[in-house]
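To start, the structure under review is shown below, and the notes come after it.
Taken together, the values in this text are just the output of simple stated rules run on the coordinates, not laboratory data. None of the values given here were measured: they were computed from a predicted structure. Cβ placement follows ideal geometry from the backbone for every residue including glycine, while neighbour counts extend to all protein chains displayed.
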Amino acid sequence: MSISSTAPWLKFYGKIPHHIDYPKLTMYQLLAKTAKKFPTLPAYEFMGKKTDYRTFLSRIDRTARALYQFGIRKGDRVTICMPNAPQALDCFYALNRIGAISNMIHPLSAKQEIVFYMDFSESKAILTLDRFYPKVHEAICASQCKPKLLIAQLQPELPAITRIGYNLTQARKFPKLPKDDSYVLWTDLMRNPATSLPKDDTDPMECASILYSGGTTGTTKGICLSSYNFNALALQTIASSGYARIDGMSMLSIMPVFHGFGLGIGIHTALIGGAKCILVPNFSIKTYAKLLHSKHPNFIPGVPTLFEALLRAEKLKDADLSFLRGVFSGGDSLSVELRNKVNAFLKAHRSPVEIREGYGTTECVTASCLTPIGMARDGSIGIPYPDTYYKIVAVGTQDEVPADTEGEICLSGPTVMLGYLDNPKETADTLKRHADGRIWLHTGDLGKMDADGFIYFKQRLKRMIITSGYNVYPSQLENIIDGHEKVLISCVIGVKDRYKMQRVKAFVVLRPEYKPSEEIKNELLAYCRERVAKYAMPSEIEFREELPKTLVGKVAYRVLEEEAAKQA
């Protein structure tokens with residue numbers, strides 16, 4: 001059974017168009033149209049400082065000229081290793097204006113991960129914050145491509161009073177930048193940009209940005225996404241939101257810019273629609289409550305962990321949330337129990353809306369289906385976006401299964417990626433042309449579809465851990481742990497966690513000459529901290545004399561998962 005969004009959306013909601021006309025424009029060009037339509041509306045707010053669309057477009061153009069003068073050309077790849085800050089947005093859209101490709105990575109990535117991302121993408125430059133200089137500089141020295149280093153600072157983007165406080169507190173915690181030529185300050189780069197740019201003739205169907213995922217094998221893959229992919233996502237999301245227009249509204253852009261959810265919906269969707277992005281560089285329950293009290297965002301997209309935090313924020317006990325117009329959960333499964341708790345919280349605080357669960361993969365930027373307003377079904381992740389088709393097939397085949405039968409979730413539509421960077425085999429295993437002539441993305445996720453077209457996510461076929469909405473790939477972590485001189489073999493699994501949904505646990509077999517001890521455990525954790533992003537760190541290491549094996553001699557990680565589930 002395959003179905004597009006047209007039928008179910010019309011049946012259950014009635015306001016979604018049969019088809020959306022997707023302009024053949026780049027992200028920059030579509031944003032420029034919005035900026036010219038709403039020049040005086042705020043495009044984003046950062047730490048209390050607002051920037052309108054006219055000024056934002058001027059900043060992007062200035063950044064594009066500066067990057068072009070710096071030597072960045074069409075097709076070049078530039079790594080953006082930034083939190084949600086204005087310079088990250090300027091750089092992202094400026095690269096698109098030039099025809100260059102943004103390579104989006106987590107600023108908390110470990111040094112060796114940064115080396116991999118830069119070399120894998122053959123980056124010509126990398127942009128990061130001053131606080132990350134030591135780590136990124138070391139990564140550049142260890143890399144093969146040796147990209148140029150651009151250093152941004154938050155101070156120029158802060159209101160005057162906030163800047164003084166920041167310099168007296170946060171800025172003092174970071175190491176001072178050396179006075180040498182190992183980097184170029186972003187402010188210096190912007191000082192005397194070129195006076196002109198090449199013709200704006202970039203093909204919107206070409207790769208515009210690279211995001212990362214584990215693909216179907218659990219190993220890191222660079223996902224090539226076009227401007228057309230991003231623009232289609234933005235227009236589909238707005239159409240499915242329940243509002244014909246979102247200009248003048250605001251989005252709590254709390255999901256990180258390197259993440260498909262954060263970049264595609266939290267940033268690009270808002271900006272294409274003329275809404276204001278409330279940029280949040282660092283998340284905490286305390287700042288979360290403060291933002292809701294003071295900024296009154298209309299839309300909140302986030303992972304389940306974010307909404308669990310909503311329930312624990314003491315300063316929201318008496319909050320009036322009547323300003324909300326959309327609360328969207330994605331990036332991980334939202335349990336029925338958590339959904340009900342969040343909805344009860346929203347109702348008790350005068351919110352006119354309930355939480356709406358969606359689903360997607362980075363291979364289609366992010367969301368590709370969403371629960372219609374007031375039509376939640378237990379266990380369902382909603383129905384497909386406009387112009388997006390879903391089908392459930394028997395695992396390992398292209399054969400559709402009947403309604404309410406579990407199989408692999410496949411989808412087809414305008415947001416499906418171009419492919420995996422420099423990996424034709426993985427691309428061919430994931431993007432397949434079916435008998436209907438359409439290209440279908442095989443998600444590697446198990447689920448089903450009911451007779452009304454509602455989709456139900458069951459579990460991930462690919463071996464991947466999702467913790468707080470971030471993807472962690474066990475095979476990569478095992479390779480790192482196994483590289484320690486005292487380790488014989490390891491196995492990494494995800495175990496249930498009340499807050500993070502899953503946390504990382506490592507089972508380790510030491511070499512015969514070593515005995516398990518707290519000292520070795522701490523040594524392994526220290527070893528991991530140098531090589532693994534903070535969110536992917538094992539929360540627990542358990543020593544074993546041996547690991548369970550399958551009949552063919554592979555480590556039976558599912559046995560360990562079952563053991564952990566029984567203990568939970």
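Things worth noting here:
- ³J(HN,Hα) computed for each position of segment 134-147 - Karplus, 6.51 cos²θ - 1.76 cosθ + 1.60, integer Hz, glycine/proline x: x, 5, 5, 4, 4, 5, 5, 4, 8, 8, 8, 7, 6, x
- Estimated Rh, segment 324-456: Kirkwood, alpha-carbon pairs, angstrom: 15.8 Å
- Shape metrics for the chain, restricted to C-alpha atoms - Rg then Dmax, Å: 23.4, 70
- At q = 0.28 Å⁻¹, base-10 log of I(q)/I(0) for segment 272-334 (Debye sum, equal scatterers on each alpha carbon): -1.52
- Listed values for segment 149-155 are Karplus-derived 3J(HN,Hα) couplings in whole Hz (6.51 cos²θ - 1.76 cosθ + 1.60, θ = phi - 60°), namely 9, 10, 10, 9, 10, 6, 3, and x replaces Gly and Pro.
- Computed from phi, the 3J(HN,Hα) profile of segment 414-428 under the Karplus parametrisation 6.51, -1.76, 1.60 (θ = phi - 60°) reads x, 9, 5, 3, 6, x, 8, 4, 6, 9, x, 5, 5, 4, 5 Hz, with x in place of Gly and Pro.
- Between the amide H of Ile381 and those of Ile455, Tyr456, Phe457, distances stay under 5 Å, these residues lying 5 or more places away or on another chain, with hydrogens modeled in the peptide plane.
- Length added when fully stretched, Glu561-Ser294, from 0.36 nm per residue minus Cα-Cα: 91.8 nm
- Cβ-derived FRET efficiency at R0 22 Å, Gln459 paired with Thr405, nearest 0.05: 0.90
- Summing +1 for each Lys or Arg and -1 for each Asp or Glu among the other residues whose beta-carbon sits under 13 angstrom from that of Lys286 gives +2.
- The orientation-averaged shadow of the Cα convex hull for segment 470-521, equal to a quarter of the hull surface, comes to 4.2 nm².
- Rg over Rh, two decimals, segment 428-568 (C-alpha only, Kirkwood Rh): 1.06
- Computed [θ] at 222 nm, helices only, for the chain once each DSSP H run of length n ≥ 4 contributes -39500 (n - 2.57): -9000 deg cm²/dmol
- Between segment 471-542 and segment 73-98, the Cα center-to-center distance that results, in Å: 34 Å
- Nearest-20 debye value, the chain charge dipole, Cβ charges on Lys, Arg, Asp, Glu: 1720 debye
- Between the alpha-carbon centres of segment 136-189 and segment 231-292 there is a gap of 26 Å.
- Amide H within-cut-off set for Asp422, under 5 Å, with H built and near neighbours excluded: none
- Calculated log₁₀ intensity ratio I(q)/I(0) where the Debye formula runs over C-alpha points of segment 420-490, q = 0.14, 0.21 Å⁻¹: -0.71, -1.11
- With the highest mean first, a sort of the peptides 520-526, 311-317, 264-270, 133-139 on other beta-carbon atoms found within 10 angstrom per residue produces 264-270, 133-139, 520-526, 311-317.
- Straight-line reach from Lys199: taking Cα to Cα under 28 Å and skipping same-chain neighbours fewer than 8 places apart, the lysines in range are Lys24, Lys33, Lys36, Lys37, Lys74, Lys124, Lys148.
- Net length available on complete extension from Val395 to Lys199 is 65.9 nm, with 0.36 nm assigned per residue and the Cα-Cα distance removed.
- Listed peptides 401-412, 359-370 by packing density, highest first (mean Cβ within 10 Å): 359-370, 401-412
- Amide N proximity, segment 42-56 versus Arg245 label position 7 Å along Cα-to-Cβ, cut-off under 20 Å: 42-44, 52-55
- Whole-angstrom gap from segment 427-445 to segment 296-327, using each part's C-alpha centre: 37 Å
- Counting Cα-Cα pairs of segment 490-568 in 10 Å increments starting at 0 gives whole-percent bin shares of 16, 46, 34, 4.
- Ranking Pro147, Pro86, Gly407 by how far each Cα lies toward the positive end of the dipole of the chain (charges on Cβ) leaves Pro86 at the top.
- Dipole moment magnitude, nearest 20 debye, segment 76-163 about Cα centre, only Lys, Arg, Asp, Glu C-beta charged: 100 debye
- Set against the 2.2 N^0.38 Å expectation for a compact globular protein, segment 159-307 has a Cα radius of gyration ratio of 1.29.
- Across the chain: Cys residues that no other cysteine approaches within a C-beta distance under 4.7 Å: Cys81, Cys91, Cys141, Cys145, Cys277, Cys364, Cys369, Cys410, Cys491, Cys528
- Protection proxy ranking of 193-200, 144-151, by the mean of other Cβ atoms within 10 Å over each peptide's residues and highest first, is 144-151, 193-200.
- Computed magnitude of the charge dipole of segment 338-440 (debye, nearest 20; Cβ of K, R +1, Cβ of D, E -1): 560 debye
- Added length on full extension, which subtracts the Cα-Cα distance from 0.36 nm per residue, Ala526 to Thr187: 118.5 nm
- DSSP bridge orientation in the chain - percent antiparallel, rounded to nearest 5: 60 percent
- Amide H contacts of Arg77 (H built 1.01 Å from N, under 5 Å, at least 5 apart or other chain): Ile101, Lys124
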